[in-house]
1. Which helices (runs of 4 or more DSSP H) sit wholly inside the stretch 219-330 and have at least 3 residues that are farther than 24 Å from I183 by Cα and touching a Ser or Thr at 6+ places or on another chain (Cβ under 8 Å)?
2. With V213, V165, V175, V218 as the choices, which residue is among the β-branched types (V, I, T) and over 20 Å from G316 (Cα atoms)?
3. Which of the residues spanning the stretch 76-105 are assigned to a helix (DSSP H, G or I) and either closer than 12 Å to I7 by Cβ or modelled with pLDDT under 95 (or both)?
4. Which one is surrounded by the fewest Cβ atoms within 10 Å (Cβ to Cβ), of the residues in the stretch 299-331 that are of a type in the set (V, I, T) and in contact (Cβ under 8 Å) with a residue 12 or more places away in the chain?
5. If we keep just the residues of the stretch 30-41 that are out of contact with any Phe, Trp or Tyr (no Cβ under 9 Å at 6 or more places or on another chain) and of a type outside the set (A, V, I, L, M), which is nearest to V92 (Cα to Cα)?
6. Within the stretch 184-193, is there a residue that is more than 20 Å from N87 (Cα to Cα) and outside any strand (DSSP E or B)?
7. If I90 satisfies all but one of (1) surrounded by fewer than 23 Cβ atoms within 10 Å (Cβ to Cβ); (2) touching a residue at least 40 places away in the same chain (Cβ under 8 Å), what's the number of the condition it fails?
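The values are calculated or read from the model by the stated rules, or taken from the named source; none is laboratory data. Everything numeric here is computed off the predicted structure, so don't read it as measured data. Please note: Cβ atoms are built from the backbone with ideal geometry, for glycine as well, and neighbour counts cover all protein chains shown.
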Amino acid sequence: MNSSVAIVILNFNGKHWLEQFLPSVIAHSESAEIIVADNASTDGSETWFKAHYPQLRWINNNSNLGYSGGYNTALSQIVADIFVLLNSDIEVSAGWLKPVVDFLTNHPQAAAAQPKILQFNQKTHFEYAGASGGFIDRLGFPFCRGRVFESYEEDLGQYDDIDEVFWASGACLFVKSSAFHEIGGLDDSFFAHMEEIDLCWRLKNLGYSIWVVPQSKVYHVGGGTLNKQNSRKTYLNFRNNIELIYKNIEQNFLVKTIFLRMILDGVAAFKFLFSNGYAHFFAIVRAHLHFYRMLPKIRKKRKILRSKISNRNTKGVYLGSIVYDYFIKNKKSFSDIVKH
């Protein structure tokens, strides 16, 4: 590796995760600077960290700014060629840094990349947040090599090739600092969830490429801040998904895609309602009300982004519908859906 690397772990009341996983990061990241950025935790994280790791850097954010705002604030204070945005609930493995850093260093058009991400509690299977690289379908539904909706494939080496993808996971995101600053960083309004897809989409609209380098491997607990049963997670996922589509999709597909997503999101909402998921039903309703209320601001963002588009890169876009493939045609694995 000949690039300077800063590993930045965003923390919010995650002292237990730091206690469990920071030692592995330190043990396997000799060539990188390790920094913890804290979103105003109240669980004693700072006191514990400074007592045990005084040699490492700690950045205080004044409030809980979420993933997007927390990282934007922290990264504005850090100088490095490559940022590694690492969740606090991830165990890294020996040699995890070099393959991804070397790849980014040797490929000028590559702006970001991720390692292979496996489940910490079931290390033989891919993890939800990224698996072996992210794709997106024509209606804006994200999925991964190794994970489609709630189906997680066993890792049998079937996705061990270095591949260009549509998005790289925010759980362990390697991004060139120059590209990150050029695109204006993460969108603060997202707070958390899907902000990395939005970032990657904006980078691809500038002609950059996004990659997965499975020779690097990490293990993710997942749900460390919000678990899947939390209706706030549902709200953020639906709210941010509809916004990232509106902001970034090509003009020819905008109206049709938004219209179809409204219908499918409505189906999802009533599915929750009829299965006693009242909180999730109202979370989806609130997500769409927020979108309508914020539409003038989102439209302004879209106009600014469209003025910057050059050499749009659509690699990693699946032109079919994973909703149809998964629920109607019963295709549960990535390789059944996307043929390389």
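1. It comes to 278-308.
2. V218
3. L97, V100, V101
4. The residue in question is T314.
5. Of everything passing the filter in the stretch 30-41, E30 is nearest to V92 (Cα to Cα).
6. Looking for residues that are more than 20 Å from N87 (Cα to Cα) and outside any strand (DSSP E or B), one finds at least one in the stretch 184-193, hence yes.
7. The number of the failed condition is (1).
A quick yes/no check of all residues on (1) surrounded by 21 or more Cβ atoms within 10 Å (Cβ to Cβ); (2) among the aliphatic types (A, V, I, L, M); (3) under 17 Å from the mean Cα position of the chain (by Cα):
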| residue | (1), (2), (3) |
| --- | --- |
| F83 | yes, no, yes |
| A112 | yes, yes, yes |
| I117 | yes, yes, yes |
| K123 | no, no, no |
| F135 | yes, no, yes |
